[in-house]
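Here's the structure we're looking at; comments come further down.
Throughout, read-outs are computed from the coordinates displayed, never taken from laboratory work. Please read these numbers as outputs of a predicted model, since none were measured by experiment. All Cβ positions, even for glycine, are placed from backbone atoms using ideal geometry, and neighbour counts span all protein chains on display.
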Amino acid sequence: MSEPGALPDGPVRPVAPALARYAGLAGAVLLTVAGWLGGALPDTPAVTSLGAAWRAPHGPAVLGCWLAGTVLLVGAWWSLRWGAPSARWAYLTAGLWLLPLLAAPPLGSRDVYSYACQGWSWTHGVDPYRVGVVSAGCPWAESVSPIWRDTPAPYGPFFVLLAGLAVLLGGGLVGAIVLLRVVALAGVLLAALCLPGLARAAGVPTRRAAWLALACPLVGVHLVAGAHNDAVGLGLLLLGLLVLVRRPGRPRALLAAGVLLGLAVAVKAVAVVVLPFAALAAVLGRYTWRALLRDGGWLAGGVLATLVLTSLATGLGLGWVRGLARSGDSEQWTSPPTAVGLVVDYAGALAGRDPQAVPVVRAVALAVLAVLLVLLWWRSWTALRRLGDVRQRAARLAAARPRVTLAGAGLALAATVLLAPVFHPWYATWPLALLVVATVAVARTVWFVAPCAVAAFLALPDGTNLARFTKAPGAILMTALVLAVVVAAIRARRAR
């Protein structure tokens, strides 16, 4: 199957590729305009309601540009979800969409100001894992979202090091923001370099994987314009997996992959759920417990050594683990467990009680996640062992290993994002990047592509989460969706 041809398992494209390219570019330009008129600028006050957003300076223009730009960008991406005309076309178009967004102020979130203040704290001898940015004395603390001003940093020591370097080299807030965006762009470029190798190894058309992963509006708006650290974490993660896919069973390659994966974990802890599946990708030959311990041991050694060295080199230790507990301070219906807990609280209020169900449901969801991660890993392990026991096992195993391990890792990330106490739109880029390189059938991509399209509408240019203004109806709708998915899963299980 050649790259320029039509995908055999997809329908005819509904729009011309050129129309999609320039519609998306127009959307990116409109979002950049919205950012300069009312984005997450340092002195922009937080919006308390949609009415306040409308009455703010340039309010109608900001909301109009944001809505029109998001519709154009999402529509253009969605219209070619079966695949771009070629991989080269996908890369050029995604890059074209990024150009105006590179010139925008921070979009969709104020987290980049938290990064800058945490880097400032570290460079001034304050442990960002013990105190918030206000207590640390950061001069830019007023630019940080109010809910995170007194919260310790939840990010790994390697990213705090990068943020500190951005502050030192930037010479001020604007310089630090620019350098943090450069770091985010480098992470996206690293991911872009890894996608073709991972897609080919799993038997997925590169043009579809590259289009879905790189042209996704969440990448341009949140990873690049918003300068989120998810970009560099994801780039390191994909590079580590690419090394494993290409050179399994080789100690030096396994150590190198372990270093890359360890750095990804030392940026953001969500990467840790991929490590058990990375150990499966590290095995060369038949899958036995001895082979897993041998090859996985080299990989684990690289990961642990990297975490220890980054912790010692920065002098920060593992204090960032404590900060993870505070990430759930925000209660929004975009997290399914939180939505269910809110609905239980609403029902209790009608009965004159206050059940305080959100923490309980969140704890149950984390327990379910732990079980689900074990089941996903065991499913991948048994599938690979079964393939190793059939005839011509060497060829079949070599072809199936990347797809099975990458799909398992992508599903693990999807489960983690869905069952976590909080959900922000940019979180969806983690499972998206892995699932697009592991999903062969076009029809099966809709379940994770559609939520990414919806998530693109959740944040206003200044970082205000629209979920704040739709708490009760959003929680009810999300709970209904959770129940529908559970019922459908039970019926499918009984049918099988």
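In order along region 349-357, the phi-based Karplus estimate (6.51 cos²θ - 1.76 cosθ + 1.60, θ = phi - 60°) of 3J(HN,Hα) comes to 5, 5, 8, x, 10, 10, x, 6, 7 Hz; Gly and Pro are listed as x.
The charge dipole of the chain, taken about the Cα centre with unit charges on the Cβ atoms of Lys, Arg (+1) and Asp, Glu (-1), comes to about 2280 debye, rounded to the nearest 20.
Ranking VAL343, ALA166, TRP122 by how far each Cα lies toward the positive end of the dipole of region 17-495 (charges on Cβ) leaves VAL343 at the top. Proximity of backbone amide H atoms, modeled 1.01 Å from N, is registered between ASP462 and GLY108 at under 5 Å, excluding neighbours fewer than 5 places apart on the same chain.
Using just its DSSP H runs of length 4 or more, each adding -39500 (n - 2.57), the chain gives a mean residue ellipticity at 222 nm of -21500 deg cm²/dmol after division by all residues. For the chain, the residue among LEU316, GLY197, GLY108 whose Cα projects farthest onto the positive side of the dipole built from Cβ charges is GLY197. Taking H as built 1.01 Å from N, whose amide H comes closer than 5 Å to the amide H of ALA84, not counting residues under 5 places away? Excluding prolines and chain starts, which carry no amide H, the hits are ARG208, TRP211. Near LEU411: Cβ cut-off under 13 Å, other residues only, Lys/Arg at +1 and Asp/Glu at -1. The net charge is +3.
Along region 187-193 the Karplus relation, 6.51 cos²θ - 1.76 cosθ + 1.60 evaluated at θ = phi - 60°, assigns HN-Hα couplings of x, 5, 5, 5, 4, 5, 5 Hz to successive residues, with x for each Gly and Pro. Between region 303-370 and region 257-295, the C-alpha centres lie 25 angstrom from each other.
Cβ crowding within 10 Å, taken as a proxy for footprinting-reagent exposure, orders ASP354, ASP295, ASP43, ASP345 from fewest neighbours to most as ASP43, ASP354, ASP345, ASP295. Rounded to whole numbers, the Karplus 3J(HN,Hα) couplings from phi for region 117-133 are 5, 5, x, 4, 4, 5, 5, 9, x, 9, 6, x, 8, 10, 9, x, 6 Hz, using 6.51 cos²θ - 1.76 cosθ + 1.60 with θ = phi - 60°, and x at Gly and Pro. Of interest is the spacing of the C-alpha centroids, which for region 450-496 and region 116-164 amounts to 32 Å. Counting other Cβ atoms within 10 Å as a rough exposure proxy, the listed residues ILE177, ILE490 run ILE490, ILE177 from fewest neighbours to most. Using only the Cα atoms of region 43-202, build the gyration tensor, take square roots of its eigenvalues as a ≥ b ≥ c, and label the shape rounded, prolate or oblate: rounded if a/c is under 1.5, else prolate if a/b is larger than b/c, else oblate. Since a/c reaches 1.5 but b/c is at least a/b, the shape of region 43-202 is classed as oblate. Taking 8 Å as the Cα distance limit and 6 or more residues as the minimum spacing, I'd like the relative contact order of the chain as a percentage. Averaging sequence separation for qualifying contacts and normalising by length gives 19 percent for the chain. With the Cα gyration tensor of region 167-307 giving a ≥ b ≥ c as the square roots of its eigenvalues, does the rule (a/c under 1.5 for rounded; else a/b larger than b/c for prolate; else oblate) give rounded, prolate or oblate? It comes out oblate by the Cα gyration axes. The ranking of LEU161, LEU169 by Cβ neighbour count inside 10 Å, starting from the fewest, reads LEU169, LEU161.
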